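Let me begin by presenting the structure, written as structure tokens, before commenting on it.
Each value in this text was obtained by applying a stated rule to the coordinates, not by laboratory testing. Quick caveat, the model's predicted, so the values are computed rather than measured. Cβ coordinates were reconstructed from backbone atoms using ideal geometry, including for glycine residues, and neighbour counts include every protein chain displayed.
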Amino acid sequence: MTQTKKANTTDPEAARNAGARDAGLRVEGLRVVLGERAVLDGLDLEIELGERVVLVGRSGSGKSTLLRVLAGFQAADAGDVHLCGTALVANGRHLVPPQARPVGSLFQGGGLWPHMTVRRTLDFALKHRGVPRSERPARVRELVERVELVGYEDRLPGTLSGGEAQRLGLARALSTQPRLLLLDEPLGPLDAELRESLSTMLDRLRDEYGFAALHVTHDPGEARGSRTRTVRLVDGVLVDASPTGTDE
């Protein structure tokens, strides 16, 4: 279920226990007003670790706004967000800055830095997260291997194919060692074969890392794979929750 009852926040002990039970992402009563419009209007969502939720909605429905709030880049007017029992947002107020959240993001097209090679991109991302210089080369090698970009370390993004660029964006997202992975139209720019390949890789990495994943798209056909379900964003709230994947 994506619509959940609020914890009793008037009782500190109850609030602590509710947070301790949270195995993944829990969003309660999230409200974001832009101009005079409530883009998100009391939104509730839960995602377990190892689960993927595919969020479908038309353009302007608030999908990207939700991702920005979860990443820490968008202010909220009300609501709470917990990740693995840690409060990220309380009563609409951000408690944890973006760079300190165990959250990774993959955007359509990768959102890459054009002047940085594959190696430099990942090294910079790790440095930004406070990984010591002595540890970064080994971490870069691991990430490159995980997304099957061995041999591409000295390539610039402009020399990569669409699928390779998305895999680099994915490796950068994994550099945060995320407990939550935010996917904003990750398959959109790819042809059918590359979409299938990247989707399979995302499922494999979700199994290996155990993160929760929120996959935003306009295409409900992307909701495939194990431990996957679909929700729709309509008028600022989630509706029509349905299981779509099968455990194989």
Study note, to complete from the structure: Taking Cα pairs closer than 8 Å and at least 6 residues apart, the relative contact order of segment 58-198 in percent is 29 percent
Review point. Once phi is turned into ³J(HN,Hα) by the Karplus curve 6.51 cos²θ - 1.76 cosθ + 1.60 with θ = phi - 60°, what whole-Hz value does each residue of segment 36-50 show in order, with x for glycine and proline?
Key: 10, 10, 7, 5, 10, 10, x, 6, 10, 7, 10, 9, 6, 4, x
**Study point:** Charge dipole (debye, nearest 20) of segment 27-91; +1 at Cβ of Lys and Arg, -1 at Cβ of Asp and Glu
**Key:** 360 debye
Exercise for review: Quickly work out the residue 77-to-residue 127 label distance, labels modelled 7 Å from Cα along the C-beta direction, and quote it in nm with one decimal.
Suggested key: 4.1 nm
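Could you order the peptides 162-172, 141-151 from most to least packed, using the average number of other C-beta atoms within 10 Å per residue? Spell out each step's value before the answer.
Numbers: 162-172: 22.9, 141-151: 15.8.
For the peptides 162-172, 141-151, the packing ranking is 162-172, 141-151.
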Point to revise | Cα gyration tensor category, rounded, prolate or oblate, for segment 49-135 with a/c compared to 1.5 | key: oblate
Point to revise | Residues with amide H under 5 Å from that of residue 108, placed H, sequence gap 5 or more | key: 184
Check your understanding: How far apart, in nm, are the 7 Å Cα→Cβ label points at residue 93 and residue 239?
Key -> 3.4 nm
Exercise for review: Would you please classify the overall shape of segment 54-203 from the alpha carbon gyration tensor, given that a ≥ b ≥ c denote the square roots of the eigenvalues, rounded means a/c under 1.5, and beyond that prolate means a/b larger than b/c while oblate covers the rest?
Suggested key: oblate
